[in-house]
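The values are calculated or read from the model by the stated rules, or taken from the named source; none is laboratory data. Bear in mind the structure is a predicted one, so any value in this text is a computation, not a measurement. FYI the Cβ positions are ideal-geometry reconstructions off the backbone, even for glycines, and counts take in every protein chain you see.
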Amino acid sequence: MEAMNKPDKPSADQRLRYMYESIRQRIGMLHYPPGMMINEMQLANEFGVSRTPLRRVLQQLSYEGLVEIRNGVGTRVTDIDMKTFKDIYDLRILLAETMGSLSPNWVTDRHRKKLDEMIERARDLREKKNIDGYANLSNDLEALICDLIGSKPAREMTDLLYYQVARIWCSFLPNLDWDGVIGETLEELKGLSDALASSDVGTFGKVRATYLRLMLKKVSRYISSD
């Protein structure tokens, strides 16, 4: 994801959101791998907060299944659950396919510009393999997708499901054909760009659903071979 800018004079809610997104991204990008114990004191010092607001963030991440909090033990990053992978992807595909009917937000030049920038970033990744760079690109695309969904429940569910499987996709990326992955990503981004050019959120969602099916098929082959 694009480096998050911490507000100059953040409110309490902004601080919580910044901590939440930062820790969630670290888990999704495997910077905090499954089984890792979260050092609450270290994080509290990093974000310049007491442990009370930090624990509120960890409680939210626990609710989302990314960490587990054990009394007397601490907070641990959860293991990757391959059993629910397909079910989550099926839901993501369904939500993408219905984007056009879920009170879509207006498409703006800002959306189009961001997508054009993502296409350039994907082209750069083809020249130089960078797993974190690809993960950041995926995070930014998901943020743009959520920004186009007007329905708050659908937007929150889309965001939640993405981060529940992001680290699974990241864990398989090193085993996949890099040129193939980037080529497919560029094809998707160009299809999404064409849809935004005509302000067609419905087609945008269908293009996204097609790519999600492709991702599911790729990873499912590895899961079934284990």
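Could you grab me the full set of residues in region 62-74 that are polar (S, T, N, Q) and either over 19 Å from Ala166 (Cβ atoms) or at pLDDT below 95 (or both)?
Result: Asn71, single match.
Considering Leu95, Leu102, Leu115, which residue is free of Cβ contacts under 8 Å to residues at least 60 places away in the same chain, within 16 Å of Leu148 (Cα to Cα) and touching a helix residue (DSSP H, G or I) at 6+ places or on another chain (Cβ under 8 Å)?
Unique residue meeting the criteria: Leu102.
For region 93-137, which residues satisfy the criterion of being within 20 Å of Leu160 (Cβ to Cβ) and either among the charged types (D, E, K, R) or touching a Pro at 6+ places or on another chain (Cβ under 6 Å) (or both)?
Within region 93-137, Glu97 is the sole residue that qualifies.
In region 73-99, what count of residues is obtained for those that are closer than 21 Å to Ala195 by Cβ and surrounded by fewer than 16 Cβ atoms within 10 Å (Cβ to Cβ)?
Count: 1.
If I go through region 117-129 residue by residue, how many of them are modelled with pLDDT under 95 and either part of a loop (DSSP other than H, G, I, E, B) or in contact with a Leu (Cβ under 9 Å, 6 or more places away or on another chain) (or both)?
3
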